[in-house]
Amino acid sequence: MSEGKFLHELVGSMSQGAAGNPTVAMIEAAFAHHGLQWRYINMEVTPGDLGTAVRGAKAMGFRGFNCSLPHKVTVIPHLDGLGESAAVMGAVNCVVRRGEKFIGENTDGKGFLKSLASLVDPKGKSVVLFGAGGAARAIAVELGLAGVKQITIVNRSEPRGAELVELLRDKLKLEAQLVVWRADYTVPAGTDIVINGTSIGLYAPDARLALDLNSLKPGMVVADVVFNPVRTRLLEDAAARDCCALDGLGMLVNQGIVGVQYWTGITPDSAVMRAALETAMGL
Ligand code: NDP
């Protein structure tokens with residue numbers, strides 16, 4: 001970087017009401033560990049200012065930014081293009097400068113898959129996914145792109161669940177079905193991977209997923225997107241039944257790793273990032 005321009009390369013995080021975002025410490029720890037003169041800056045941006053903020057970031061040479069609620073969908077018209085999975089899901093959480101263009105990517109599902117890869121290759125597997133919101137949508141699309149055999153979406157709201165199933169069938173030609181979640185759900189025999197993609201359990205260690213625990217069998221992978229608490233009730237129950245439990249903190253670290261890779265081109269040290277995140281979260 002030429003002298004007199006910026007002291008640091010800049011990456012941002014555009015959100016509303018996300019003060020104290022612990023991922024700032026995680027990303028900056030990666031930059032510092034790898035000797036990069038980069039900064040990751042939390043920016044409070046209102047929906048009405050989003051377009052101006054994106055143009056400002058571009059004009060000021062930002063290398064990219066994360067965006068979270070409420071900007072994941074509304075940011076799209078302000079960008080120059082989309083990556084494959086972001087285009088399928090219609091949501092962006094990570095913007096990357098490529099040449100003079102700002103390209104929208106989605107790292108949530110990629111982070112989940114990277115975390116899942118430590119336990120199982122999803123290709124050819126049968127999946128049950130609770131939820132059809134932003135996180136579940138991102139995970140379902142990445143699982144589809146990774147070649148799962150079939151996926152069952154279990155969601156409380158029928159329209160939201162149906163919309164996700166339709167997207168998976170139409171855009172990815174995936175064998176997908178919806179179960180509207182009304183009572184304890186029985187995981188079908190032969191299921192390989194069970195995922196809680198809802199917010200049930202967030203800051204609520206005793207919150208219970210409406211699920212017949214006897215249908216969780218030894219060896220099944222049971223994953224949770226919830227990262228606080230790290231060991232949710234679902235994961236404790238799954239571990240007690242000899243399932244392979246996968247926590248949401250791994251997904252959060254891995255989506256950060258994918259973002260840093262996109263922005264800087266380097267593969268950051270995951271242990272350094274996880275340690276910084278845990279410290280920032282007081283774990
Ligand atoms: P959304 O608001 O988009 O979706 C929430 C989902 O949870 C919906 O499917 C909703 O069902 C379901 N849900 C919420 N409460 C209940 C309930 N009481 N009973 C049944 N279903 C319920 O949220 P996100 O998808 O953005 O986030 C979901 C979770 O994922 C959050 O806890 C978030 O912190 C976590 N997350 C974790 C990440 C990580 O890296 N580990 C990354 C991103 C998110 P319905 O459609 O019926 O309303």
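The values are calculated or read from the model by the stated rules, or taken from the named source; none is laboratory data. Treat the numbers as computed from the prediction; the structure is a model and nothing was measured. Don't worry about glycine lacking a Cβ; one is built from the backbone with ideal geometry, like all the others, and counts go over all protein chains shown. Surface areas here come from the heavy atoms of the whole protein model, side chains and all, with no ligands, DNA or RNA. Shrake-Rupley method; radii C 1.70, N 1.55, O 1.52, S 1.80 Å.
Can you give the relative contact order of the range 177-277 as a percent, counting alpha carbon pairs under 8 Å and 6+ residues apart?
For the range 177-277, the relative contact order is 22 percent.
Where both residues lie in the chain, what percent of DSSP beta bridges are antiparallel, nearest 5?
If we restrict to bridges inside the chain, about 20 percent are antiparallel.
Report the accessible area of Y40, computed with a 1.4 Å probe over the heavy atoms of all protein chains in place, in Å² rounded to the nearest 10.
We get 10 Å² for Y40.
If you roll a 1.4 Å probe over the chain with all protein chains in place, what percent of the accessible area is carbon or sulfur?
The value for the chain is 52 percent carbon and sulfur by accessible area.
Against the longest alpha carbon principal axis of the chain, how many degrees, from 0 to 90 and to the nearest 10, is the axis of helix 270-280 turned?
With both axes taken from Cα atoms, the answer is about 90 degrees.
What residues qualify as long-range amide H neighbours of C94, i.e. H under 5 Å apart, gap of 5 or more or another chain, H built at 1.01 Å from N?
C67, E105, T107
At a threshold of 8 angstrom on Cα-Cα distance, excluding pairs fewer than six apart, so keeping six or more, what relative contact order does the range 110-246 reach in percent?
Result for the range 110-246 is 22 percent.
Taking the Cα-to-Cβ direction at T267 and at E158 and moving 7 Å from each Cα, how far apart do the two end points lie in nm?
If labels sit at T267 and E158, their model points lie 4.7 nm apart.
How big is the Kirkwood radius of the chain, worked out from every pair of different alpha carbons and given in Å to one decimal?
It works out to 19.5 Å.
Among R137, R231, R169, whose mean-square fluctuation peaks in a Gaussian network model of the chain (Cα, cutoff 10 Å)?
For the chain, modelled as a Gaussian network with Cα springs under 10 Å, the answer is R169.
Taking the 0 to 90 degree range and rounding to the nearest ten, how far is the long axis of helix 248-264 tilted relative to the main principal axis of the chain, both from C-alpha atoms?
So the inclination is approximately 30 degrees.
For the chain, what is the accessible area per residue in Å² when the probe is 1.4 Å?
Ligands and nucleic acids excluded, the figure is 44 Å² per residue.
What range in the chain is the longest one free of GluC sites (Glu not before Pro) that are in a loop by DSSP and have at most 15 other Cβ atoms within 10 angstrom?
101-283
Set the bar at 31 Å for Cα to Cα. Now go through K101/K123; K72/K123; K123/K217; K101/K149; K58/K149; K114/K171 and name every pair that lies beyond it.
Listed pairs above 31 Å: K101/K123; K101/K149; K58/K149.
Taking springs between alpha-carbon atoms closer than 10 angstrom, which of C244, C67, C94 fluctuates most in the Gaussian network model of the chain?
Highest fluctuation of the listed residues: C244.
Of G51, L69, L36, which is farthest on the positive side of the dipole of the range 31-80, counting Cα position, with +1 on Lys and Arg Cβ, -1 on Asp and Glu Cβ, and the Cα centre as origin?
Working it through, the farthest residue towards the positive pole turns out to be L36.
To the nearest 10 degrees, how steep is helix 50-59 against the longest Cα principal axis of the chain, on a 0 to 90 scale?
So the inclination is approximately 50 degrees.
222 nm [θ] for the chain, helices only, -39500 (n - 2.57) per DSSP H run of 4+, per residue, to 500?
-10500 deg cm²/dmol
With all protein chains present and a 1.4 Å probe, how do T232, T279, T46 order by accessible area, largest first?
The residues order as T279, T46, T232, largest area first.
Could you work out the per residue convex hull volume over the alpha carbons of the range 110-246, in cubic angstrom?
Hull volume normalised by residue count: 93 Å³.
Could you grab the relative contact order for the range 1-111? Cα pairs under 8 Å, six or more apart, rounded to a whole percent.
25
Take the alpha carbon atoms of the range 177-201, find their center, do the same for the range 93-110, and report the distance between the two centers in whole angstrom.
So the two Cα centres are separated by 30 Å.
Find which of P22, L129, M60 sits farthest along the positive direction of the dipole of the range 20-152, computed with +1 on the beta-carbon of Lys and Arg, -1 on that of Asp and Glu, about the Cα centre.
Of the listed residues, the answer is L129.
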